[in-house]
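Working notes, structure below.
The values are calculated or read from the model by the stated rules, or taken from the named source; none is laboratory data. What you see is a predicted model; the values in this text were computed from it and never measured. Cβ sites come from the backbone with ideal geometry, for glycine too, and all protein chains shown count toward neighbours.
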Amino acid sequence: MNHGVEFKNVTKRYGTDTSAAMAVKGISFEIQKGSLTTILGPSGCGKTTTLRMIAGLESPTSGQIIMDGKDVTTLGPADRNVSMMFQSYALFPHMNVLENVMYGLKMSGIAKDTAMGRASDALKNVGLVGYNERLPSELSGGQQQRVALARALVLEPAVLLFDEPLSNLDARLRREMREEIRGLQQRLGLTVAYVTHDQSEALAVSDQIIVMDHGIIAQRGTPKVLYEYPSSEFVAGFMGEAMLFPGEALEDGQVQLGPLRISPKQPVATGKVKIAIRPEAWHIHDQNTHSGNLLAASLVKSAYLGSFYEYTFDTAVGSIFVVSPNLVQVLQLGAQVQLSLADHGVSVVALQ
């Protein structure tokens, strides 16, 4: 089966000194045709280097890159049939919208009438009908983003690459544009590699997420698998603000966290473990609740964020951060409560 993109044990070291640190350390993965894979991780993890190697802007030090069944390891960008959309948009300020979108086609030797037709269709695809004559300076940030997207799409690439495409937009526009990109990808059956450091963005748009850490793949899988079944402390902490607590896996299959007993989703070896708990996994009860499996807590910080409250509690197992959607029963500082855990948002990971 031909994958859209396949990496086979790819490494990347900058410079010729063999003692220099490696930016990418022997990674292997596949991107299925017609799917969207997000490469996610903190700054310096190797995600942008990986994307640039897919584009042909960087050459791997070793390993193979295969696209649509063809070895492209030594080929440059012009020979790979890829389009890359940068966070800066890189629109030509002296060209109008239609000219910007046509530019790549003209450089490829496409006849002007054909190029205009394809550019108009691409602009229609991104919701920019009637904007042909406008200059980039006359557009909003979101509209400029759409022009850049149309310019990438018009080349009908085998693989479309995005490098932090939404980082320059405000929160509302980010949400709109990520829905736009995901909708276009699914409607047109595009093969997409997408780099971001934003976990919520990755969860919202991806078929597959590859989490990178210091040049290696920490874990890859569907958004649901990575969020609910992290394989390491790093992935658990990176995917959604989980707090990590020391615990004990018992012989009966339960995990002990202070007075709480937790049933792990997957079997774990007895002994010391780490428990990753997301803020939304905690439930708050008053002091008179006697259902068992509760943790006493005292409220020390509170913040109102419109649709939810953020609370910080002192407990026997340490400080606990809780997100509460209850806007009616608002807790006051110093409130004495009890906490329990939901089935979701709790993961047990091995010590590292």
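Annotations for the structure displayed:
- All positions within region 83-115 that are more than 27 Å from LEU166 (Cα to Cα) and either outside the structural domain of GLN143 (by TED's automatic domain parsing) or buried (at least 17 other Cβ atoms within 10 Å of the Cβ) (or both): ILE110, ALA115
- Of all residues making up region 11-53, the number that are among the aliphatic types (A, V, I, L, M), under 16 Å from the mean Cα position of the chain (by Cα), within 24 Å of LEU75 (Cβ to Cβ) and in a strand (DSSP E or B): 3
- So ILE216, is it hydrophobic (A, V, I, L, M, F, W, C), modelled with pLDDT of 90 or more and either surrounded by fewer than 23 Cβ atoms within 10 Å (Cβ to Cβ) or out of contact with any helix residue (DSSP H, G or I) (no Cβ under 7 Å at 6 or more places or on another chain) (or both): yes
- The single condition among (1) closer than 24 Å to TYR103 by Cβ; (2) at pLDDT 90 or above that GLU164 does not satisfy is (2).
- Considered as a group, the residues in region 219-233 that are closer than 19 Å to ARG278 by Cβ and in contact (Cβ under 8 Å) with a residue 40 or more places away in the chain include one that is surrounded by the most Cβ atoms within 10 Å (Cβ to Cβ), and that residue is PRO230.
- Taking region 267-352 as the region of interest, the strands (runs of 3 or more DSSP E) fully inside it that hold 2 or more residues being in the same structural domain as GLY247 (by TED's automatic domain parsing) and over 24 Å from the mean Cα position of the chain (by Cα) are 271-277, 282-285, 295-304, 309-315, 318-324, 336-341.
- Sole exception among (1) over 22 Å from THR191 (Cβ atoms); (2) over 28 Å from the mean Cα position of the chain (by Cα) for SER108, by number: (1)
- For region 18-43, the tally of residues that are touching a strand residue (DSSP E or B) at 6+ places or on another chain (Cβ under 6 Å), buried (at least 19 other Cβ atoms within 10 Å of the Cβ) and small (Gly, Ala, Ser) stands at 2.
- Taking the criterion of being within 23 Å of the chain's Cα centre (by Cα) and either over 19 Å from THR196 (Cα atoms) or without any contact (Cβ under 8 Å) to a residue 40 or more places away in the chain (or both), the residues of region 148-165 that qualify are ALA150, LEU153, PRO157, ALA158.
- Within region 312-339, the set of residues being among the small types (Gly, Ala, Ser) and surrounded by fewer than 18 Cβ atoms within 10 Å (Cβ to Cβ) comprises ALA316, GLY318, SER319, GLY334, ALA335.
- Within the option set GLY15, GLY69, being at positive phi, surrounded by fewer than 17 Cβ atoms within 10 Å (Cβ to Cβ), free of Cβ contacts under 8 Å to residues at least 24 places away in the same chain and assigned by TED's automatic domain parsing to the domain that holds ILE209 holds for one residue only, GLY15.
- Options ALA249, ALA297, ALA303; residue that is touching a residue at least 60 places away in the same chain (Cβ under 8 Å) and small (Gly, Ala, Ser): ALA249
- Test: residue in region 247-266 that is under 24 Å from the mean Cα position of the chain (by Cα) and modelled with pLDDT under 95: yes
- Scanning region 267-300 for residues that are surrounded by fewer than 17 Cβ atoms within 10 Å (Cβ to Cβ), touching an Asp or Glu at 6+ places or on another chain (Cβ under 8 Å) and either of a type outside the set (S, T, N, Q) or at pLDDT below 95 (or both) yields THR270, GLY271, LYS272, VAL300.
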